[in-house]
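Here's the structure we're looking at; comments come further down.
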Amino acid sequence: MKVALKLEQRRIIGEPRRVHEPTVAPALALVNRKNFTVEPSATLHDTREVNAFGDHIKRLRRARGLTQERLAVRCGLSPDTIRRLEHSAFSPSLETLIKLADGLALALSTLFLGFELGQPDGARELADLLATRPARDYRLAYRMLRVLFDELDELDEADEPDDEPESDEPEPDETGEPE
C-alpha cells in the first residue's frame, strides 16, 4: 500500500518518470541520463531529416515544371500549404500527403521511397504517371517509347567499332608467317 501511495504522489507532484531504455532505443540521445527524463525540446526526428523532406517535395515540383500555386491547384491544397511543406514548417496529415502525391502523379509509396533513397526512382515515377492515365494514353506512350528505344539502339550499333581493326599488314598464315 505504501508503494502505491508513493507512486501516486510522484504522479501528482510531477517527479521525473523513469524512461525504460528499450522503448526509446532510437532516441537515447534525447534522454537526459542523469534523471532519465526526456528533454522538453527534444524530438524523435532529426531536424535535417525533416528539412530534407521539404527539399524533396520542392525538387519533385520543380522537376515537373510546376509553380507552388500550380501544384496547389493540382493537389487541392492552398499555395500556403505547399510553401509550408517545402519549408518544413509543419507536419502534414496523411490526407495532405495523399493529396500531395496525387498532385505530383505519384503513389504515396513512391513519394516516400524517393525521400528514403535521397533521389527519385525514375522507373517507379514513370509507372505511377502511366497508372494515372487512360488506357489509350498508355498504349500511345508505349508505342512512342518503343520507337524511341529502337532508334537509340540503332544509333548505339552505328557507333560501335568493328570487332577487328583493319591494318595494312598482311595476316599471318597457319605457321605464323606473314603471307
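The values are calculated or read from the model by the stated rules, or taken from the named source; none is laboratory data. Please read these numbers as outputs of a predicted model, since none were measured by experiment. Glycine gets a Cβ as well: all are built from the backbone with ideal geometry, and neighbour counts include every protein chain shown.
Does GLY103 satisfy being closer than 13 Å to LEU60 by Cβ, at pLDDT below 90 and surrounded by 13 or more Cβ atoms within 10 Å (Cβ to Cβ)? For GLY103, the condition - closer than 13 Å to LEU60 by Cβ, at pLDDT below 90 and surrounded by 13 or more Cβ atoms within 10 Å (Cβ to Cβ) - is not met. Consider the stretch 44-66 and keep the residues that are modelled with pLDDT of 75 or more and either at positive phi or assigned to a loop (DSSP other than H, G, I, E, B) (or both). The one that is surrounded by the fewest Cβ atoms within 10 Å (Cβ to Cβ) is GLY65.
For the stretch 100-140, the set of residues classified as assigned to a helix (DSSP H, G or I) and in contact (Cβ under 8 Å) with a residue 40 or more places away in the chain consists of LEU100, LEU111, GLY114, PHE115, listed by residue number.
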